[in-house]
Amino acid sequence: MIDRLRELEAVARRLEPGAEERGGVRDEVVAYSEAFLERLPEGKMFHPELPERWTLLDSPFQDDPTPIDDLLKGLAVEVDTPGINPASAGHIGYIPGGGLYYSSLGDYLAAVTNRYAGVFFGSPGAVRMENALIAWMADLVGYPATAGGNHASGGSIANLTAVIAAREAHGIRARDVERAVVYLSAHTHHCLDKAFRIAGLQDCVVRRVPLDERYRMVPAEIARMIEADRRAGLRPWMLIGSAGTTDVGAVDPLHDLAHIAATEQLWFHIDAAYGGFFILTEHGKRLFKGIERSDSLVLDPHKGLFLPYGLGTVLVRDGGKLLSAFTHEAHYMQDTRIAIEDISPADVSPELSKHFRGMRLWLPLKLHGLAPFRAALEEKLLLARYFHGKVKELGFEVGPEPDLTVVTFRYVPEVQDADELNKRLLAFLHKDGRVYISSTVIDGRFTLRAAILSFRTHRETVDVLLEMLRNGLEAML
Ligand SMILES: *Cc1c(COP(=O)(O)O)cnc(C)c1O
């Protein structure tokens with residue numbers, strides 16, 4: 001047995017490379033990342049072509065190691081080229097993510113130290129850091145000190161967490177589901193429909209509240225629907241507003257919605273995954289009045305704080321409600337109950353072991369300070385207005401002056417079919433590939449949309465997009 005242990009140990013120890021070997025691999029990885037960042041400004045944003053062969057990705061996993069330079073060469077071709085490049089300034093489609101460099105270093109530190117951020121007992125400091133970020137965000141939106149929250153992997157899971165907290169707080173059991181009514185809009189993000197299904201609430205009655213000419217929910221219509229539903233013996237229980245819809249960036253009249261929810265005793269949830277951090281600007285503060293009266297709220301640091309993908313935060317005004325929805329006991333966890341100075345993430349989310357996500361946000365916030373975040377967000381608001389004006393000058397039919405940073409537009413030609421022309425125009429832009437925008441359907445019409453949110457997008461890139469649109473129109477008309 002001792003011989004076998006010695007043999008096994010010799011091979012197993014390869015998992016712990018020495019300082020020199022670590023340094024060698026790290027230098028190559030860093031050099032690769034630096035080259036990636038250097039190339040970003042010139043590189044194309046969109047590569048629809050697939051590699052001729054997936055040589056690296058289809059290669060077998062085998063007993064023998066592969067050298068790092070072979071792996072990086074393959075990654076460059078097969079992973080970091082095809083498709084969309086979300087790190088690029090030219091990402092103006094969907095809702096752009098970011099990729100702050102210091103956040104990647106935060107991830108690096110979190111992974112090397114592998115602090116266990118699930119329970120306070122395990123890593124009091126890691127949990128305190130995550131909770132400090134929750135408290136900061138709660139304070140930003142005007143929630144009281146008793147608010148709670150959790151850092152999830154993204155907005156979808158954060159919204160799901162809020163839906164479950166709402167379900168539990170209102171005691172919606174299986175037998176109640178078919179009578180329970182939820183009010184949202186046609187522009188509510190589809191992750192909420194998904195969340196209802198996952199939470200066993202797909203048989204709820206869902207009311208899509210009509211929108212005004214700026215795609216915001218009409219409060220009077222909600223009040224009317226609730227009254228009709230009560231008369232029909234149904235049980236209105238949840239109202240969902242958006243602080244920045246994905247389609248057009250519209251912000252619902254949060255103050256009015258809060259008033260209805262309070263009067264009717266509904267759980268008021270706000271999906272601010274896209275728009276929430278605009279509250280760091282004066283414009284956002286004004287626009288989001290009433291946000292502090294919601295019961296729960298979702299903000300995506302991997303959108304509005306420019307982090308790499310992997311962080312969406314849910315806040316619940318009464319933190320106790322989040323706790324009671326997710327706290328469970330188990331014998332094998334008994335030791336962890338001894339020191340409870342802070343709330344443990346495991347008690348307010350479906351997760352137990354989890355990535356120490358706080359570090360990827362805390363490090364850039366501390367290293368940069370808040371000023372550049374605020375400036376970048378205000379810059380995006382102005383860029384969206386700038387683009388809205390310029391694209392109109394080019395002869396496009398434009399959507400409403402943007403509440404936030406999404407601009408919708410389409411070209412309406414005299415003779416050709418408008419949907420067809422805009423589809424061809426989008427294909428033209430994608431072929432160019434310097435800037436990427438996406439499309440949607442609004443009021444049944446194929447519509448182009450520009451969403452400006454990457455911290456790397458400045459006026460220069462918006463001007464490139466305008467030039468591409470000008471070229472596109474010339475080629476089409
Ligand atoms: C992006 C987005 C979501 C989903 O968030 P993920 O982080 O992509 O899971 C939800 N709601 C809105 C309004 C969004 O923009």
(1) more than 16 Å from the ligand (Cβ to nearest atom); (2) among the polar types (S, T, N, Q); (3) within 22 Å of E351 (Cα to Cα); (4) open to solvent by 40 Å² or more (accessible area, probe 1.4 Å) all hold for S153 apart from (1)
Residue hits (the stretch 327-359; at pLDDT below 80 and in contact with a Gly (Cβ under 9 Å, 6 or more places away or on another chain)) are T336
When restricted to G241, G276, G290, G233, the only residue within 11 Å of the ligand (Cβ to nearest atom) and more than 14 Å from the chain's Cα centre (by Cα) is G241
Selection from the stretch 307-346 of residues of a type in the set (D, E) and free of Cβ contacts under 8 Å to residues at least 40 places away in the same chain yields E329
Quick check: is even one residue across the stretch 70-87 assigned to a loop (DSSP other than H, G, I, E, B), surrounded by 15 or more Cβ atoms within 10 Å (Cβ to Cβ), in contact with a helix residue (DSSP H, G or I) (Cβ under 9 Å, 6 or more places away or on another chain) and of a type in the set (G, A, S)?
yes
Within the stretch 189-209, residues away from the ligand (no atom under 11 Å from the Cβ), in contact with a Ser or Thr (Cβ under 9 Å, 6 or more places away or on another chain) and open to solvent by less than 70 Å² (accessible area, probe 1.4 Å) come out as V209
**Request:** Could you check, for the stretch 416-429, whether at least one of its residues is touching a helix residue (DSSP H, G or I) at 6+ places or on another chain (Cβ under 8 Å), closer than 25 Å to G284 by Cα and at pLDDT 95 or above?
**Result:** no
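Do we have any residue at all in the stretch 179-188 that's away from the ligand (no atom under 16 Å from the Cβ), open to solvent by 10 Å² or more (accessible area, probe 1.4 Å) and at negative phi?
Of the residues in the stretch 179-188, the ones away from the ligand (no atom under 16 Å from the Cβ) are 179-181, 183.
Checking the rest, the ones that are also open to solvent by 10 Å² or more (accessible area, probe 1.4 Å) come to 179.
With at negative phi added as a condition, the list becomes 179.
Checking the stretch 179-188: at least one residue is away from the ligand (no atom under 16 Å from the Cβ), open to solvent by 10 Å² or more (accessible area, probe 1.4 Å) and at negative phi.
Quick check on A169: is it closer than 25 Å to L448 by Cα, open to solvent by 10 Å² or more (accessible area, probe 1.4 Å), among the small types (G, A, S) and in contact with a Lys or Arg (Cβ under 9 Å, 6 or more places away or on another chain)? Give the derivation first.
Details: closer than 25 Å to L448 by Cα: no; open to solvent by 10 Å² or more (accessible area, probe 1.4 Å): yes; among the small types (G, A, S): yes; in contact with a Lys or Arg (Cβ under 9 Å, 6 or more places away or on another chain): yes.
No, not satisfied.
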On the given criteria, is F356 more than 19 Å from T245 (Cα to Cα) and outside any helix (DSSP H, G or I)?
yes
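Assess whether S59 counts as being open to solvent by less than 50 Å² (accessible area, probe 1.4 Å), more than 26 Å from the chain's Cα centre (by Cα) and either under 27 Å from L15 (Cα atoms) or of a type in the set (D, E, K, R) (or both). Working first, answer last.
Working: open to solvent by less than 50 Å² (accessible area, probe 1.4 Å): yes; more than 26 Å from the chain's Cα centre (by Cα): yes; either under 27 Å from L15 (Cα atoms) or of a type in the set (D, E, K, R) (or both): yes.
The answer is yes for S59.
So that you can scan it fast, the table gives a plain yes or no per residue for (1) closer than 14 Å to S296 by Cα; (2) acidic (D, E); (3) within 16 Å of the ligand (Cβ to nearest atom):
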position: R128; (1), (2), (3): no, no, no
position: I134; (1), (2), (3): yes, no, no
position: M137; (1), (2), (3): yes, no, yes
position: G142; (1), (2), (3): yes, no, no
position: G148; (1), (2), (3): yes, no, no
position: N159; (1), (2), (3): yes, no, yes
position: A162; (1), (2), (3): yes, no, yes
position: R173; (1), (2), (3): no, no, no
Among strands (runs of 3 or more DSSP E) entirely within the stretch 367-477, at least 1 residues that are open to solvent by 60 Å² or more (accessible area, probe 1.4 Å) occur in 438-442, 445-451
Taking the stretch 309-341 and keeping residues surrounded by fewer than 20 Cβ atoms within 10 Å (Cβ to Cβ), part of a loop (DSSP other than H, G, I, E, B) and under 26 Å from the mean Cα position of the chain (by Cα) leaves Y309, G310, D318, T327
T263 meets each of (1) away from the ligand (no atom under 16 Å from the Cβ); (2) in contact (Cβ under 8 Å) with a residue 12 or more places away in the chain; (3) β-branched (V, I, T) with one exception, condition (2)
So, first residue closer than 16 Å to V77 by Cα in the stretch 26-37, second residue surrounded by 14 or more Cβ atoms within 10 Å (Cβ to Cβ), Cβ within less than 6 Å, six or more apart or across chains; the pairs are Y32/L72
Reported set for the stretch 103-121 where residues are open to solvent by less than 60 Å² (accessible area, probe 1.4 Å) and not small (G, A, S) is D107, V119, F120
Among (1) free of Cβ contacts under 8 Å to residues at least 40 places away in the same chain; (2) within 12 Å of the ligand (Cβ to nearest atom), A250 falls short only on (1)
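The values are calculated or read from the model by the stated rules, or taken from the named source; none is laboratory data. Small disclaimer: the values here were computed from a predicted structure and weren't measured. Using ideal geometry, Cβ is built from the backbone for each residue, glycine included, and neighbour counts are taken over all protein chains shown. Ligands, DNA and RNA are excluded from the accessible area calculation, which covers all protein heavy atoms including side chains. Shrake-Rupley method; radii C 1.70, N 1.55, O 1.52, S 1.80 Å.
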